Amino acid sequence: MAILVIVAVLVLFWLLTGLRVVQQYERGVVFRVGRVRGQVREPGVTLLIPVLDRMRKVNIQVITMPVPAQEGITRDNVSVSVDAVLYFRVVEPIKATVDVQNYSFAMLQVAQTSLRSIIGKSELDDLLSGRENLHQGLEIMLESPAAGWGVHIDRVEIKDVSLPDSMKRSMARQAEADRERRARIITADGEFQAAAKLAEAAAKMTETPAAMQLRLLQTVVEVAAEKNSTLVLPFPVELLRFFEASAARVSEGGAAAASPAVPAVPGQAAADGS
């Protein structure tokens with residue numbers, strides 16, 4: 001009887017040593033005598049055959065992997081340094097365990113080479129402004145090897161693009177020149193519109209002379225409302241034109257009166273007297 005109890009205790013202990021707990025974010029790949037079992041162990045308590053079974057747990061959470069900065073030359077011959085971030089997760093634990101030794105390291109190496117390749121195929125403007133297409137291109141380049149390793153690419157994003165100092169200065173000068181050009185165009189367009197409106201106002205006031213007087217009175221009211229020491233004396237423009245015309249006539253008459261008479265030649269006068 002005692003022997004049976006001892007045997008039962010040993011068997012129970014042997015079975016307890018085969019108990020394993022798989023977390024919710026894990027999947028278990030079981031190797032029995034070196035051969036992988038076709039069924040992946042789901043989360044919860046699972047029973048292994050001691051000595052014969054070995055289980056390797058695979059994390060199926062999304063892994064965030066920063067890709068170190070890669071230096072390269074763009075298609076328009078600009079030297080840049082680009083870094084990125086890769087989001088991926090394991091969808092086939094058996095492939096991720098059997099087909100590749102270290103899937104995280106493998107994904108890092110593929111991401112670096114793909115990033116260098118995408119730099120050489122792109123232009124500088126694409127790296128700075130058209131990143132959505134580059135993200136899709138990187139994802140397509142990574143999907144092919146990742147599928148063979150049981151890995152799914154969730155997202156690839158370019159984080160930063162570092163430019164040489166000389167290129168930064170050139171781009172700053174270009175941006176400044178472009179802003180100055182737009183400012184001049186806007187100013188000239190404003191002057192053109194203002195001149196057109198003033199011409200329309202002058203035409204209206206020419207048709208109605210009283211409008212000029214009303215506008216003059218309104219200006220006086222606006223200046224007086226500011227309570228300053230400015231003194232405004234309205235002076236009709238027509239009076240200035242009258243003075244200008246009178247001055248022109250006076251100057252013409254004075255010039256005619258000041259012109260001397262033509263003197264007679266002495267020899268000619270003597271001949272006439274003889």
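The values are calculated or read from the model by the stated rules, or taken from the named source; none is laboratory data. These numbers come from a predicted model, not from an experiment. With ideal geometry, Cβ positions are generated from the backbone for all residues, glycine too; neighbour counts draw on all protein chains shown. Calculation scope for accessible area: heavy atoms of the full protein, side chains included, ligands and nucleic acids excluded. Shrake-Rupley method; radii C 1.70, N 1.55, O 1.52, S 1.80 Å.
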*Quick one: Pro164 ticks every box in (1) surrounded by 13 or more Cβ atoms within 10 Å (Cβ to Cβ); (2) closer than 28 Å to Glu132 by Cα bar one, so which box is it?*
(1)
*Residues being of a type in the set (Lys, Arg) and either open to solvent by less than 20 Å² (accessible area, probe 1.4 Å) or more than 22 Å from Tyr25 (Cβ to Cβ) (or both) - total across segment 73-124*: 3
*What number goes with the only condition from (1) over 30 Å from Gly28 (Cβ atoms); (2) at pLDDT below 90 that Ser144 does not pass?*
(1)
*asked:* Taking the conditions exactly as written (surrounded by fewer than 16 Cβ atoms within 10 Å (Cβ to Cβ) and either out of contact with any helix residue (DSSP H, G or I) (no Cβ under 8 Å at 6 or more places or on another chain) or touching a residue at least 60 places away in the same chain (Cβ under 8 Å) (or both)), does Glu26 satisfy them or not?
replied: no
*Just checking, which of Val151, Val156 is in contact with a Leu (Cβ under 7 Å, 6 or more places away or on another chain) and at pLDDT 85 or above?*
Val156
*In segment 1-18, which residues are closer than 13 Å to Leu52 by Cα and at pLDDT 75 or above?*
Thr17, Gly18
_Yes/no for Arg131 being closer than 30 Å to Arg27 by Cα and open to solvent by 30 Å² or more (accessible area, probe 1.4 Å)_ = no
*Does Gln61 meet the test of being over 30 Å from Asp165 (Cβ atoms), surrounded by fewer than 14 Cβ atoms within 10 Å (Cβ to Cβ) and at pLDDT 90 or above?*
yes
*Given the structure, is Ala147 over 16 Å from the mean Cα position of the chain (by Cα) and more than 21 Å from Gly72 (Cβ to Cβ)?*
yes
_Selected residue (only one of Gly253, Gly267 is open to solvent by less than 70 Å² (accessible area, probe 1.4 Å), part of a helix (DSSP H, G or I) and at pLDDT below 65)_ = Gly267
*Among the numbered conditions (1) assigned to a loop (DSSP other than H, G, I, E, B); (2) modelled with pLDDT of 90 or more, tell me where Asp76 comes up short.*
(2)
